[in-house]
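So the structure is just underneath, and the comments pick up after that.
Values in this text are rule-based calculations from the coordinates and carry no lab data. Since the structure is predicted, the reported quantities are computational estimates derived from the model, not experimental observations. Virtual Cβ from ideal backbone geometry, glycine too; neighbours counted across all protein chains shown.
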Amino acid sequence: MAAYDLSIPISEQEIRALHVGDTVRLDGVIVTGRDAAHKYMIENFVRAAETPVSEQALYQELLRLLKGGVIYHCGPVVRQRKDGSWEFVAAGPTTSIREEPYQADVITHFGMRGVIGKGGMGASTLQACQDYGAAYFHAVGGAASLIADSVKQVVSVYKKEEFGVPEAFWVIRVEGFPVVVTMDSHGQSIHDQVEAASRVKLHELMES
Amino acid sequence: MENLAESLLELVRLASTSLPADVEATLRAACDREAPGSAAAGALETILENVQLARQKSTPVCQDTGTPIFYLYCPPGVSSRSLREQVEAAVAEATRRSYLRPNAVDSLTGRNSGNNLGLGYPTFHFEEWGEPYLQVDLLLKGGGSENVCAQYKLPHAALKAGRDLEGVRRVVLDAVYQAQGKGCAPGVLGIAVGGDRGGGYVHAKEQLFRPLGDTNPIPELAALEERLFEECNELAIGPMGFGGKTTVLAVKIGAYHRLPACYFVTVAYMCWACRRARMVVRDGKVSFSQQEGV
C-alpha cells in the first residue's frame, strides 16, 4: 500500500501506477453526478444519435471537465451564501453500484481517469478501468462533514432545477480529497476479494 | 399541545448532526480492535473524526440525511393532526437551514419537492399510550442502507431456512452477505420475525431505537442476537466492505404474531450512522436524549 497525491487532470501513466489498497489525496476540479446525471449523459450524449441543441453547451463543458477527470457519486447538502454563491455543507459518497449499467460507457466516452464513490462497482466498470486506464476511488461513506471540508470552492452547478440538489452536476474544486483505490487498472477489485472470502465463510456458517 | 416548532427543529438538528453516544462509543471500540494501519482501521478513524467535526460544526454527519422516520407516542387527547403539521413545518425549516438535504422526490415526475415534504413523506407512526407525556422518536435512515434491507419468506429452500429461529439465523446471515459494504458497514441490524410485510418493516425499524448495549428481555432472542453478532462479524466484510473484524455493530430482534400461512423475517439494515434522537414533553417541559431505547 502506497500513498499518492494526484492532481486533476490525471494521466494514464499516473493511474497505471496505482494498485488496490493505495491511498490517494486528490486535488483539482471534479464533477458530482449520480443517478439522474448518468441516465441523462447516456441518453443525451453517449448513446444519442445526435445531441439535442439545448444540451450542447453542457455537453461541451462536461467534455472539457471530464477529460482526464473524475466524477464523484455524491448528492451533497449545500448552503447558499448571501452573495448567491454555494457552499458544500456535507458531501460524502453515495452507493456507486446503481451506475453500473452506465459507468463503463461514460468513462470511455468522456476519457475519464476515475470515479469516486462507495461500495464498489461491477465487472463492466472494472473492465473499462483496465482497458482505458481508470481507477475506482472509494471515499468513506458517511464522512460527509469531513469531506465537505476538502471542497474549497463550488465552481458552478448544472441541472439543479431539473434534477434537484442531490442529483445536479456540481462542479467543485477540492484539495486533499481522501480516497482509497479499491478497483485498479490491473483488473483487481477489493470488493470482489472481500465478497469471495465472505462467501466461503458464509457457507461454513451455514454448515455449522 | 403547545407550539413545539422550535423544539422539533432542535430534535431534527440533533439527530442529523450528533451521533448518539452509544453508537460513537461502539465505533471507537471497533476501531481499537482493527489491525493498526489497515483499511478497516483507516475507515473507522475517518468516521470518528467526521462524527466529531459534524457535532462541532453542527453540520450533517452524513449528506444523505435519509428519510425522517417519526414514531410519536401521544398521551390521550393529543391531536395527531396538529402534531403532524408541526413536525412537517420543522422538517421544512430544518431543510432550509441545511440540517437536512432535500430528499423527497416525486416518483412520477422525478421532481424534488425541495423541502422534504411530499406524499407519504416524511414517515409517521402515531401511537396513543398510557403515559402522561408526549415522546417523539426520530430516526434518519439513508438510502444506501435502505436499499440493502431485505424481507425473506420462510421456508426458503435455497438457504435451507425453515420456520424457526435457525431459519431466521440463516436468512439474516444471507442478508448481511448480500449487503457487503453497500449499506455503509458496519451496520446495525433491526430484525422483525413475523408480522405482515408492512408491519415487519415498521417493527424491524423500531429495533433500531434500542441502545446498542441492551439485552433482549426474551432469552431465545437474546441468545440469537448474540450469536448473529458474532457470526456476522466472522463474515469479515468489514467497515465499508474493505475487509476487517467489524461488519455489524449490533443485532436487535423483535417478534410479532403472524398469520399461520406467513413467516416473514425482515432485516432493516442501518448504516453505521445510526442517527436517532428522542424528545419528551412533560408538563410543558421539553427534554432531549439520544441513548435510551424505546
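Structure data summary
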read-out: Helical contribution to [θ] at 222 nm, DSSP H n ≥ 4, -39,500 (n - 2.57), averaged over chain A, rounded to 500; value: -9000 deg cm²/dmol
read-out: FRET efficiency, 1/(1 + (r/R0)^6) with R0 25 Å, evaluated for B:T215 and B:R163 via beta carbons; value: 0.45
read-out: Normalised alpha carbon radius of gyration of the range A:53-150 [divisor 2.2 N^0.38 Å]; value: 1.18
read-out: Estimated 222 nm signal from helices in chain B, with DSSP H stretches of n ≥ 4 weighted -39500 (n - 2.57), rounded to 500; value: -12000 deg cm²/dmol
read-out: The protein assembly as shown, Rg to Rh (Cα coordinates; Rh as Kirkwood inverse mean 1/r); value: 0.97
read-out: 36 Å tail of the calculated P(r), chain B, as % of Cα pairs; value: 16 percent
read-out: Cysteines, chain B, no other Cys beta-carbon under 4.7 Å; value: B:C31, B:C62, B:C74, B:C149, B:C232, B:C262, B:C274
read-out: Under 5 Å, built H, 5+ apart or other chain: amide partners of B:K141; value: B:T67, B:I69
read-out: DSSP-defined beta bridges in chain A - what % are antiparallel, rounded to 5; value: 60 percent
read-out: Fewest-first sequence of A:M183, B:M270 by Cβ atoms within 10 Å of each Cβ; value: A:M183, B:M270
read-out: D (Stokes-Einstein, µm²/s), Kirkwood Cα radius, the range B:52-131, 1.567 mPa s at 4 °C; value: 92 µm²/s
read-out: ³J(HN,Hα) computed for each position of the range B:20-35 - Karplus, 6.51 cos²θ - 1.76 cosθ + 1.60, integer Hz, glycine/proline x; value: x, 4, 5, 5, 5, 5, 5, 5, 5, 5, 5, 4, 5, 7, 6, 4
read-out: Compactness relative to 2.2 N^0.38 Å, alpha carbon Rg of chain A; value: 1.03
read-out: Dipole-positive endmost among B:Q86, B:N103, B:V23 within chain B (Cβ charges, Cα centre); value: B:N103
read-out: Over the range B:144-270: Rg over Rh, Cα atoms, Kirkwood Rh; value: 0.94
read-out: Contact order normalised by residue count of the range B:144-270, Cα under 8 Å, 6+ apart, percent; value: 42 percent
read-out: Distribution of pairwise C-alpha distances over the range B:1-137, 5 Å bins, in %; value: 2, 9, 16, 17, 15, 13, 11, 8, 5, 2, 1, 0
read-out: Descending Cα extents along the principal axes, the range A:92-202, whole Å; value: 45, 31, 26
read-out: Unsatisfied cross-links (Cα-Cα over 25 Å) in the set A:K152/B:K141; A:K67/B:K141; A:K67/A:K152; B:K57/B:K252; A:K67/A:K159; value: A:K152/B:K141; A:K67/B:K141; B:K57/B:K252
read-out: Likely footprinting exposure, B:V61, B:V23, fewest C-beta neighbours within 10 Å first; value: B:V23, B:V61
read-out: Mean-position separation - Cα centroids, the range B:157-201 and the range A:156-192, in angstrom; value: 31 Å
read-out: Sequence-separation-based contact order of chain B, relative, with Cα cut under 8 Å and 6+ spacing, percent; value: 25 percent
